[in-house]
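Notes follow the structure.
The values are calculated or read from the model by the stated rules, or taken from the named source; none is laboratory data. No experiment lies behind these values; they were computed from the predicted model shown. A quick note on method: Cβ atoms are made from the backbone with ideal geometry, for glycine too, and the neighbour counts reach across all protein chains shown. Protein only, heavy atoms only, side chains kept; ligands, DNA and RNA dropped before computing areas. Shrake-Rupley method; radii C 1.70, N 1.55, O 1.52, S 1.80 Å.
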Amino acid sequence: MIEADTIAAIATASGVGGVGIVRMSGPQAIAIAEDTLGAKLDRRVRVGWARDRSGERIDQVLAFAMHAPGSFTGEDLAELQGHGGTENLARLLAAVVARGARLAEPGEFTRRAVLNGKLDLARAEALLEVINAGSERALRQAQHNLAGKLGEAAEALEARVLVALAEIEGRIDFPEEGIAPADEAALERELTGLEARVRELANGFRHARAVQRGVTVALVGAVNVGKSSLLNALVGRERALVAAEPGTTRDYLEVATTWHGVAVTLIDTAGTRAAADPIEARGIALGESRVAEADVVVIVDDGSSEVTSYGDRTLHVRSKIDLSPAPSGMLGTSARTGEGLDELMRRALALAGVAAREGSEDALVTTERQHGLVVVAADALAAAVARWRGARIGEVIALELRQAASALARLRGVEVGERVLDEVFARFCIGK
């Protein structure tokens, strides 16, 4: 599906930089680039002066071209790689637009790659996640899907569903043939196995989202229980003021850090107590509003205060265990010696949904769109299993299996309409 027009955009970040790229894709991309450079182009990199239509020099650039279908978009594609800078790149872009290209929409290069079969939709979404990755583990997760892990898993599951569907439809078309008891048991095992695997994909979304977006961990507790000291120890530097006088943190303090390859925002809040003045009361209220948004709430207690709870996102910690030990079964930490800090990080990440197993980034659903489709497929398979174990109405079981197969296909971008594509690629930058 080669588009009829040629698009162009700046494909590098805006602002000052050593290199800036103007990318073109479409039937006139190579001709426009050659006219701008005044030389023939192929996959070999050429050096020359880019000129505007009047012949005035703009910049000395590197340039190359790739013919369809052997390019990222599957179309003829060309790039002019000049020096970075807003004005310089604006002039380069204007030069190719003046020769017949039009400005690309956000994500239009990647959209064309999907429409031309160079990427499935799951890989296209992973490409955006690679660009936006804020931690090592988020990048690794995105790279797995960019390599096609999720698309391959969905395609394999869809193929298995279709085989099971063929068995069911065979029963409908040829009821006199019947299925041997051993074959019936094998088909039931296959249906239940499919439902379990697809449900596993759906359940992995919580982990994927936590890794992708990062985790917010709030430290709460009474004044002088060691929250600020604990924060400093967890980030490895003095970031919060620590003093014997209570109330050094008046509202809340946020610090960005990384735990086991996952981006973490650590929040130190004002100690809970009866406020001495309106300013302190306002500060405590601000901290409480931020805690309400946190993924994990670490209640820090040195044994002198009453411990509360924030539901299933609560982690209780006994601080200052270098002075007195933690009660049996309670996690103890010491900001002075570092004892218990790594375990605190591990438990907080687990509470936020981050899986500890290395390699768990393989074949994960990472977007709301993907998760919704996998849930539809899992629910349809569960319904098929229930129908098989119940009245065994073949037409109804087949309907459920078709729905599961369709959802898995749509995850990869098969049978996807224009509205869905618009929503996906609107999140991309212009030059991608």
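Being assigned to a loop (DSSP other than H, G, I, E, B), touching a residue at least 40 places away in the same chain (Cβ under 8 Å) and either on the phi < 0 side of the Ramachandran plot or open to solvent by less than 10 Å² (accessible area, probe 1.4 Å) (or both): is that true of VAL365 here?
yes
Taking every residue in segment 40-67 that is under 18 Å from THR86 (Cα atoms) and pairing it with any residue that is surrounded by 11 or more Cβ atoms within 10 Å (Cβ to Cβ) and of a type in the set (Ser, Thr, Tyr), at least 6 positions away or on another chain, the pairs with Cβ-Cβ distances below 7 Å are ALA50/THR36; ARG51/THR36. The listed residues are GLU125, GLU155, GLU108, and the only one of them that is open to solvent by 60 Å² or more (accessible area, probe 1.4 Å), touching a Lys or Arg at 6+ places or on another chain (Cβ under 9 Å) and touching a residue at least 24 places away in the same chain (Cβ under 8 Å) turns out to be GLU155.
Flag set for ALA138, criterion: surrounded by 22 or more Cβ atoms within 10 Å (Cβ to Cβ), more than 26 Å from MET24 (Cα to Cα) and within 22 Å of the chain's Cα centre (by Cα).
Entry remark, segment 26-49: residues being open to solvent by 40 Å² or more (accessible area, probe 1.4 Å) and of a type outside the set (A, V, I, L, M, F, W, C) number 9 in total.
The rows are residues; the columns are (1) open to solvent by 40 Å² or more (accessible area, probe 1.4 Å); (2) farther than 17 Å from ALA4 by Cα.
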position	(1), (2)
MET24	no, no
ARG51	yes, yes
GLN60	yes, yes
ALA63	no, yes
HIS67	yes, no
GLY74	no, no
ALA78	no, no
GLN81	yes, yes
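When the residues of segment 229-243 are filtered to those that are of a type in the set (A, V, I, L, M, F, W, C) and at pLDDT below 65, the one that is surrounded by the most Cβ atoms within 10 Å (Cβ to Cβ) is ALA240. Looking at segment 207-228, which of the residues that are of a type in the set (S, T, N, Q) and either at negative phi or modelled with pLDDT of 85 or more (or both) is farthest from the chain's Cα centre (by Cα)? The selected residue is SER228. For ILE321, the conditions (1) in contact with a strand residue (DSSP E or B) (Cβ under 9 Å, 6 or more places away or on another chain); (2) without any contact (Cβ under 8 Å) to a residue 12 or more places away in the chain all hold with the exception of (2). In segment 83-96, the residue that is surrounded by the most Cβ atoms within 10 Å (Cβ to Cβ) out of those that are of a type in the set (A, V, I, L, M) and more than 21 Å from ASP42 (Cα to Cα) is LEU89. Put simply, of ALA154, ALA113 the only residue that is out of contact with any Asp or Glu (no Cβ under 8 Å at 6 or more places or on another chain) and over 30 Å from LEU37 (Cβ atoms) is ALA154.
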